[in-house]
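Structure, as structure tokens:
The values are calculated or read from the model by the stated rules, or taken from the named source; none is laboratory data. Predicted model only: the values in this text are computed from it and were never measured. Glycine gets a Cβ as well: all are built from the backbone with ideal geometry, and neighbour counts include every protein chain shown.
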């Protein structure tokens with residue numbers, strides 16, 4: 001299950017019940033996902049701050065290190 005927050009930030013809840021923050025974004029025509037970390041170790045405010053910082057890097061053209069392509073190029 002995916003619980004959206006804002007600006008691409010969402011909490012993924014697995015079938016087993018684990019919760020992980022992710023940032024969804026698009027670059028070079030590809031949808032990508034950056035894993036921020038586990039909830040509740042990382043709370044909402046920290047996840048939002050991290051997502052904000054990562055969006056600034058993305059806007060500057062910097063490729064995030066912990067990313068994976070989630071869909072094919074459009």
- Note on the structure: Within region 7-52, residues in contact (Cβ under 8 Å) with a residue 24 or more places away in the chain and loosely packed, with under 12 Cβ neighbours inside 10 Å come out as 28, 29
- Query: What about residue 68, is it within 11 Å of the chain's Cα centre (by Cα) and either surrounded by fewer than 11 Cβ atoms within 10 Å (Cβ to Cβ) or modelled with pLDDT under 95 (or both)?
  - Reply: yes
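Mind listing just one residue for me: the one in region 55-65 that is at pLDDT below 95 and out of contact with any helix residue (DSSP H, G or I) (no Cβ under 7 Å at 6 or more places or on another chain) and, of those, surrounded by the most Cβ atoms within 10 Å (Cβ to Cβ)?
Step one: list which residues in region 55-65 are at pLDDT below 95, which gives 57-65.
Imposing the further condition that a residue be out of contact with any helix residue (DSSP H, G or I) (no Cβ under 7 Å at 6 or more places or on another chain) reduces the set to 57-63, 65.
On the way: 57: 12, 58: 19, 59: 10, 60: 7, 61: 8, 62: 11, 63: 10, 65: 6.
Only one residue tops the list, namely 58.
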- Message: Considering only residues that are closer than 19 Å to residue 55 by Cα, in a loop (DSSP other than H, G, I, E, B) and more than 11 Å from the chain's Cα centre (by Cα), which ones fall in region 1-39?
- Response: 28, 29
